[in-house]
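Laboratory data are not the source of any read-out in this text; all were calculated from the coordinates shown. Treat the numbers as computed from the prediction; the structure is a model and nothing was measured. Cβ coordinates were reconstructed from backbone atoms using ideal geometry, including for glycine residues, and neighbour counts include every protein chain displayed.
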Amino acid sequence: MLRVSQKTYLNYLLLLFLFGMTMPSYAQEGLQKEKVYFYENLAVYQDWLDSTHLSNLLTINNLVVNKAELVVNLELAKKEDWFDLKDEFQDRFKIDIGKKLLDKLAFQMSIGKDSIEIQINCQQEKYPIELKYVNGEFTVLEALPLVSTRGSFKIELSDIPVKDPQRTKGSAREVKDLIILYLQDYYGKKKFLWKKAKFDVIDNIDEVNFEISNIKKEVLDDFLIGYFEYIKIDFYIEQKGQIVEVNYELQAKYGSGILVAPRRSGYKDMEPKYQDYIDQYRKKFKSMIKAVMNATTIKG
């Protein structure tokens, strides 16, 4: 049996203590040891946001370097900007904008994806968004479900189809006419049994409100019999110099009944119960709005 003298044992403990005092502090400091490097590369990330024009919507607030994780805080003006940004990147590049933001940051910081996080806040309302990897899987955490479909687009007067071939520029009024005629044609073709969908328009100069009812399988499109649906769409149109800016919001409700549609008070909000259907319909509706602006003539 090997015996160790008390003196040898004490010397051994002293060596361990001295080694612990002099060894690198990286294990204790973790990522904080590389703070300067991370802050320098935050400027590189800002350059990337500028070059992609994402900085028009996203602003860097700060960088927090914890022992095992980097957290970059970004800011948006409003949550609708986030919805539009997601749609735009999905349509144009077939990628998730949140994943792109996070992957680019991890690449520029030379750090594992599981050790980095982006938190996005909105100036106008409380709507925190968290982008991170959990066990190698990209995740997005948002505070609330999408309570309505909102979107916006801008069009130059010179791109608006006009009624009079002698004119070279359209007007905000003609944009509104296009929207009314297109949606009236689209929803006017919808019917249940022998009854057409009810389509109402309230025109208040720079605001147009649509109400569609007595319609089935428009949003909830794969139900066997289908609920009656009520769809409300609000457009806000404003001319700013040579640009016409259009903002819209769509909301939908469902109601019971087999042959007869319920009263207005008998409908219930589709969200969040049928959130997946609303998310799918917002993509379809955005394509419809793009089709409006691709029109070459104005009927009537």
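With a simple spin-label model that places each label point 7 Å from the Cα along the Cα-to-Cβ direction, the separation between residue 288 and residue 87 comes to 1.2 nm.
Values of log10 I(q)/I(0) for segment 46-108 across q = 0.25 Å⁻¹ run -1.26, by the Debye formula with one identical scatterer at each alpha carbon and no solvent. Proximity of backbone amide H atoms, modeled 1.01 Å from N, is registered between residue 215 and 229 at under 5 Å, excluding neighbours fewer than 5 places apart on the same chain.
Quote the FRET efficiency, to the nearest 0.05, computed for residue 204 versus residue 46 with a Förster distance R0 of 35 Å and r equal to the Cβ-Cβ distance. The pair residue 204/residue 46 has a calculated efficiency of 0.25. Spin-label model, residue 232 to residue 275: label points 7 Å out along the Cα-to-beta-carbon direction sit 2.1 nm apart. Computed over the Cα atoms of segment 171-247, the ratio of the radius of gyration to the Kirkwood radius (Rg/Rh) comes to 1.08.
In angstrom, the C-alpha Rg and Dmax of segment 29-142 are 13.7, 43.
In terms of packing, defined here as the mean over residues of other Cβ atoms within 10 angstrom, the peptides 117-123, 284-290, 90-96 line up highest first as 117-123, 284-290, 90-96.
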